[in-house]
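So the structure is just underneath, and the comments pick up after that.
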Amino acid sequence: MTDADNAALLAALRDADAVLFGEFELSHGGTSDYYVDKYRFETDPRCLRLVAEAFAERVDGTKLAGVALGGVPLAAATAVETGLPYVIARKAAKEYGTGNRVEGELAEGEEVVVVEDIATTGQSALDAVEALREAGAVVNRVLVVVDRKEGATELLADHDVELDALLTASELLADAEE
């Protein structure tokens, strides 16, 4: 991503009011004085287009996997941008329908890159990686919009997965404070 692309994405996230300040409980149980609201940027067409374009530059023809719920719009938009198919990785199998944790067509040994909104501890992304690997996929990389730099890189690396972020929390917060 060029500096101009990075600046455009930061501006779009700011314009979408995607960074909130206050006291917030995070999904892993911790608290934070800021929150990156994925729904604000994932429902904003400009943000979604910029994320899809940036992800498209990094997927190298590899099938996508969106982590339910937040990664699905990102995977869908990136699939439209690239023409690549995607699958959806659920946190848990549904008790109805097919009961699959991975939805969509996936061949044994197929390489997949996981697409996620925000990485904090990395547990959500790791759960998706494990579901995909159990389904026969080869997963070595997770793409995220924002890495909060709270352990995701290390957790994923412990499982032979590289975390690739468009932005870090410090970049996003520096922009938000200006």
Could you list, in sequence order, all residues of the stretch 104-134 that are surrounded by fewer than 19 Cβ atoms within 10 Å (Cβ to Cβ) and over 15 Å from the mean Cα position of the chain (by Cα)? Gly104, Glu105, Ala107, Glu108, Gly109, Glu110, Glu111, Glu130, Arg133, Glu134
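Mind checking which residues of the stretch 104-123 are within 30 Å of Ser170 (Cα to Cα) and either outside any strand (DSSP E or B) or of a type in the set (D, E, K, R) (or both)? Write out each step before concluding.
Start the filter on the stretch 104-123 by keeping residues that are within 30 Å of Ser170 (Cα to Cα), which leaves 112-123.
Selection gives Glu116, Asp117, Thr120, Thr121, Gly122, Gln123.
Are there strands (runs of 3 or more DSSP E) fully within the stretch 1-98 with at least 1 residues that are surrounded by 13 or more Cβ atoms within 10 Å (Cβ to Cβ), aromatic (Phe, Trp, Tyr) and modelled with pLDDT of 95 or more? List them. Spell out how you get there, then give the answer.
Working: elements: 19-25, 31-36, 63-67, 86-89.
Output list reads 86-89.
Just to check your reading of the model, which residue among Val129, Val139 is over 21 Å from Ala52 (Cβ atoms) and of a type in the set (A, V, I, L, M)? Show your work before the answer.
Details: Val139 fails: over 21 Å from Ala52 (Cβ atoms).
The unique qualifying residue is Val129.
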Is it true that some residue in the stretch 163-173 is of a type in the set (D, E, K, R) and at pLDDT below 95? yes
Could you please tell me which pairs satisfy a Cβ distance under 6 Å, a separation of 6+ or placement on different chains, a first residue in the stretch 99-119 that is acidic (Asp, Glu), and a second residue that is assigned to a loop (DSSP other than H, G, I, E, B)? Glu108/Gly136; Glu110/Ala137; Glu111/Thr62; Asp117/Gly70
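The values are calculated or read from the model by the stated rules, or taken from the named source; none is laboratory data. Note that the structure is predicted; figures quoted are calculated from it, not measured. Note that each Cβ is placed from the backbone with ideal geometry, even for glycine, and that neighbours are counted across all protein chains shown.
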